[in-house]
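A short worksheet on the structure shown next.
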Amino acid sequence: MEIPSKYLATQAEEKWYSYWLKHKLFKSEPDEREPFTIVIPPPNVTGVLHMGHIMNNTIQDILIRRARMQGKNACWVPGTDHASIATEAKVVNKLAAEGIDKKSLTREKFLEHAWEWTHKHGGIILEQLKKLGASCDWDRTKFTLDEDLYQSVIKVFIDLYNKGLIYRGVRMVNWDPKALTAVSDEEVEYKEEKSKLYYVRYQLKDSQDFITIATTRPETILGDTAVCVHPEDERYTHLKGAKVIVPLVNREVPLIFDEYVDKEFGTGALKITPSHDENDYILGQKHNLPSIDIFNDNGTMSQAAELYIGKDRFDVRKLITKDLESAGNLVKIEEYNNKVGYSQRSQVVIEPKLSMQWFLKMSELVKPALENVENDTIKFSPERFKNTYRHWMSNVRDWNISRQLWWGQRIPAFYLPESNDFVVAETIEEASILAKEKTGKLNLTAEDLRQDEDVLDTWFSSWLWPISVFNGINEPKNKDVSYYYPTNVLVTGHDIIFFWVARMIIAGYEYEGTYPFKDVYFTGMVRDDLGRKMSKQLGNSPDPLDLIAQYGADAVRTGMMFCSPAGGDLLYNDSLPEQGRNFGSKIWNAFRLVKNWEIDATISQPEASKIAIEWFENKLNEVLTLMDKQYDDFRLSEALMSIYRLFWDDFSSWYLETIKPAYLQPIDKKTYDQTLVFFEKLMKILHPFMPFITEEIWQLIAERNEGESIMISEMPKSENFDQQQIDEFEDVKNTISEIRRIRKEKNIAFKESLEVFVKTTNGNYCSKYDSVIIKSVNLSALTQTTEKVDNAISFIVKNNEFYVALGNLLNVEEEIEKLEAELKYTEGSLEIVMKKLSNERFVSSAPAKVIELERKKQADAETKISTLIQRIKELKGEA
């Protein structure tokens, strides 16, 4: 079969992905095998592939493909998230561009537009993942608003409500004035900003005296209902019972005393605005203060503000500053650095706001979720994220689960006629039955009830994802959930450890009685090579599909994995996929080299080939053992580098160079057959990282039946290996490299054979590998000697001194200079070792193996120094 000169990535990717789909090789159904399950972190339904997705999904695919080749029933469940805030914002913007205001539409009509948008733009990202080679079971694709998943969310809400864990009440929430909804504490990003601190004086009632407060938000003065000072602050103790006048609106408010106030901050006096500051709200509750909501939902001033009605809050900050100054109330303004909360979704400044919301009590729910991460029932990689998790779970607050949106799972609460009282039920029919029971009014109908307008937080659906994708809420203990749950690994970004990871663990223990996944692999963030976060605004985020088209999917996958330590950020530049492409070219060219050799079944196997096969078999098993440990520890970048070096260095540079036949000569069949066995094993080990090129080569190595694939072949297992032979062959490599260096320095062509002598001081030279050395560097002879060799360049490998006979080509002065430089370097190395070994603390605390290694370094260096000194003396004629 003719092997093309170049690997054509695009053609191979289209061919083999279609082949895998045609033969349903990603398909999983429960059977007698051990399951290996991953659920994809569902991207936004209308999202498109970015570099973070590439890294995250490459990692998942590596794990799932390896498990599949280990004989496990690998199930990778794909899906998308309805992303209530983001998707609704896109639909609202699209309607606005068409001249349609959301407020002019009924809920039902708006949802028609939302579904139309979702059907048009949704699922694109899943199709893009196929270009990457993602081996998901596409028949299992889920969407968080699918009917069964929707129903799961409603059932859980009702269950938690009936358990007394969900309640409704007015609380201070984080209000997003752009998205017009509350968001959770975890969805607020705090940014350090240069602000201003405004000092404003409030006149005491019936007095010419003033009390001065400091605030970063002078616009909220219009909602003040008290001024607060510390009860032990001597500046104010004489004012107990006093009232102060709020500037501009001339509202009388009490001066209250509370230990909450920091006497040292500012003037020691605080303005209290219960409707627009969380701490003020707590003080307001404690001191029975009224609350005045001065903001409309969109961040403009409300009627209750009395002034600046309808104007934006930040415009009012400028206006009120001028007016306070004109009124004589502004004392001074200072520069001030503080942290300002922004909505993670809309990137507008959050407004603390009193609002009627639904909450989930968290204090009891979190306990098993915290305990089982602490005790490593669930393992985090890297482990340091346990600290982040512990801090959040130990300080968890009740979860605000309602959102003032229409796109999402509507809260199943139904209000009684002309009342804020309600019943909770799955359907309006069930609600009407409960309403009759609650009120005793048997003539109540479904039409009399009014369903809550809010939807549930998107995370309230995705926290059920590992269970709901297997329909475990609607049909507990069904075949799928019993087989696939708990899943094996979650691969996700550490930025959603609270939003999603923690909450899935909570839901897992609440609804399945166990963890949702055994391991969590936290990825870092993909940044540019300057360390900046990738974004469209900066123009530093390449289109992954363009990269795949340019370099090939395997190249992009390996490029992302070359330097992706768990939890560590990846600094991306185009040299990474280029390195991946170069690796693919190396693999392809090595395969072409081997397949183009002529085979002669009549010739015997050379000794050098026999030894090379023995060595590479051992080396292969050593690397397989190492990779198993790296996989277990989720050090996937290191695993890739292990097989990369094995193929590029050991297989291509050493094994193939050792066994390749002379120019235009055939290779023996025994060596050729074993080389193809090695090549097939290497392709299998590489397959999880580079699925397309490995499938292409595997199909070309031998005749295959229709439906056969490398992805369902057996992954090579590590076997026992001879470490001594691996170590001995390293000495052989060093010997060959030194002789090659001498050839290059002396400009001696390879076709000119050399004569080499080896002098050993303690008889430990192993001649077993002479045939490899002789072939690799074209020696006429490799002879052991006990005497010095004249007119020769020498070098030392371990305790053996090699002489390359050069006759009159030897420059004695150059050789002495080189040996003296090597002597100086070796003496420096010995000095470092001796410092370590003379350090009592090091010797007493270091492991025995480390001490043993340092003593071996000492012995080797001392022997080498002695040999070098002797050789220098010989060349100087002093011996």
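A Cβ-based charge dipole, computed about the Cα centre of the stretch 107-150 with Lys and Arg at +1 and Asp and Glu at -1, lands at about 260 debye. Taking a quarter of the surface of the convex hull around the Cα atoms of the stretch 40-122, what do you get in nm²? Mean orientational projected area (the stretch 40-122, Cα hull): 6.8 nm².
Per-peptide packing, taken as the mean over residues of other Cβ atoms within 10 Å, places 666-675, 96-105, 406-415, 833-842 in the sequence 406-415, 666-675, 833-842, 96-105 from highest down. Ranking Ala214, Asn839, Met711 by how far each Cα lies toward the positive end of the dipole of the chain (charges on Cβ) leaves Ala214 at the top. Leu779 sits with roughly 10 Å² accessible to a 1.4 Å probe, with DNA, RNA and ligands left out of the calculation.
Here the Kirkwood formula puts the hydrodynamic radius of the stretch 339-421 at 16.5 Å, using every distinct Cα pair. Taking all protein chains as they are arranged and a probe of 1.4 Å, the heavy atoms of Phe498 leave approximately 50 Å² accessible to solvent. For Lys24, the accessible surface of its heavy atoms amounts to roughly 130 Å² (probe 1.4 Å, protein chains only, rounded to the nearest 10). Cut-off under 12 Å on the C-alpha distance; same-chain residues fewer than 8 positions from Lys194 excluded. Which aspartates and glutamates are left, in chain and number order? The reachable aspartates and glutamates, counting only those whose Cα sits under 12 Å from Lys194, are Glu334, Glu335. Annotation: extensible slack from Lys518 through Arg235 equals 95.9 nm (criterion: 0.36 nm per residue apart, minus Cα-Cα distance). Taking a point 7 Å out from the Cα of Thr760 in the direction of its Cβ, the residues of the stretch 608-646 whose backbone N falls within less than 20 Å of it are 608, 611-612, 615.
Going 7 Å from the Cα of Arg841 in the Cα-to-Cβ direction, what parts of the stretch 848-879 have a backbone nitrogen less than 18 Å from that spot? In the stretch 848-879, the label zone of Arg841 (backbone N under 18 Å from the point 7 Å along Cα→Cβ) covers 851.
Distance between the pseudo-spin-label points of Ala96 and Val348 (7 Å out from Cα toward the beta carbon): 0.8 nm. Just to confirm my numbers, what's the Cα centroid distance between the stretch 464-538 and the stretch 705-738 in Å? The distance from the Cα centre of the stretch 464-538 to that of the stretch 705-738 comes to 36 Å. Calculate, for Asn279 and Asp569, the FRET efficiency according to 1/(1 + (r/R0)^6) with r their C-beta to C-beta distance and R0 41 Å; round to the nearest 0.05. For R0 = 41 Å, the calculated efficiency reads 0.70. Working ranking of peptides 581-591, 473-483 by packing, defined as the average number of other Cβ atoms within 10 Å per residue, highest first, is 581-591, 473-483. Partner lysines whose Cα lies under 18 Å from the Cα of Lys271, excluding those fewer than 8 positions away in the same chain, are identified as Lys196, Lys205, Lys240, Lys243, Lys263, Lys286, Lys332, Lys353. Placing unit charges on the Cβ atoms only, positive for Lys and Arg and negative for Asp and Glu, gives the chain a dipole magnitude near 600 debye about its Cα centre. In this label model, Ser104 and Glu453 are separated by 1.9 nm, measuring between points 7 Å along each Cα→Cβ vector.
For Asn420 and Asp673, the difference between the fully extended length at 0.36 nm per residue and the C-alpha to C-alpha distance is 83.0 nm. Pairs exceeding 31 Å between alpha-carbon atoms, taken from Lys610/Lys751; Lys27/Lys670; Lys681/Lys746: Lys27/Lys670; Lys681/Lys746.
Here each label is just a point 7 Å from Cα along the line to Cβ, and for Asp727 and His287 those points are 7.8 nm apart. Dipole magnitude for the stretch 237-293: about 320 debye, using +1 per Lys or Arg Cβ and -1 per Asp or Glu Cβ, origin at the Cα centre. Ranking Arg384, Arg251, Arg201 by solvent-accessible area of protein heavy atoms (1.4 Å probe, all protein chains present), from largest to smallest, gives Arg384, Arg201, Arg251.
Sorting Thr237, Thr118 by solvent-accessible area of protein heavy atoms yields Thr237, Thr118, largest first, with a 1.4 Å probe.
Suppose R0 equals 35 Å; then what is the FRET efficiency for Asn375 and Thr625 from their Cβ-Cβ distance, rounded to the nearest 0.05? That gives a FRET efficiency of 0.75.
Of the cross-linked pairs Lys24/Lys477; Lys744/Lys864; Lys131/Lys155, which ones have a Cα-Cα span greater than 29 Å in the structure shown? In this structure, Lys131/Lys155 lie more than 29 Å apart at Cα. Applying Stokes-Einstein at 10 °C and 1.306 mPa s to the Kirkwood radius of the stretch 474-602, computed over alpha-carbon pairs, gives a translational diffusion coefficient of 86 µm² s⁻¹. Computed from the Cβ-Cβ distance with R0 of 25 Å, the FRET efficiency linking Trp115 to Asp297 stands at 0.50. Projecting the Cα positions of Tyr803, Ala848, Gly828 onto the charge dipole of the stretch 729-879 (unit charges on Cβ atoms of Lys, Arg, Asp and Glu, taken about the Cα centre) puts Ala848 furthest along the positive direction. Full extension of the segment from Ser652 to Arg397, taken as 0.36 nm per residue of separation minus the current Cα-Cα distance, would add 86.0 nm. Note on the stretch 369-443 and the stretch 803-879: Cα centroid distance 71 Å, given to the nearest whole angstrom. Cα centroid distance between the stretch 53-127 and the stretch 577-648, in Å? Result: 41 Å between the Cα centres.
The values are calculated or read from the model by the stated rules, or taken from the named source; none is laboratory data. Because the structure is a prediction, the values reported are computed rather than measured. Virtual Cβ from ideal backbone geometry, glycine too; neighbours counted across all protein chains shown. Calculation scope for accessible area: heavy atoms of the full protein, side chains included, ligands and nucleic acids excluded. Shrake-Rupley method; radii C 1.70, N 1.55, O 1.52, S 1.80 Å.
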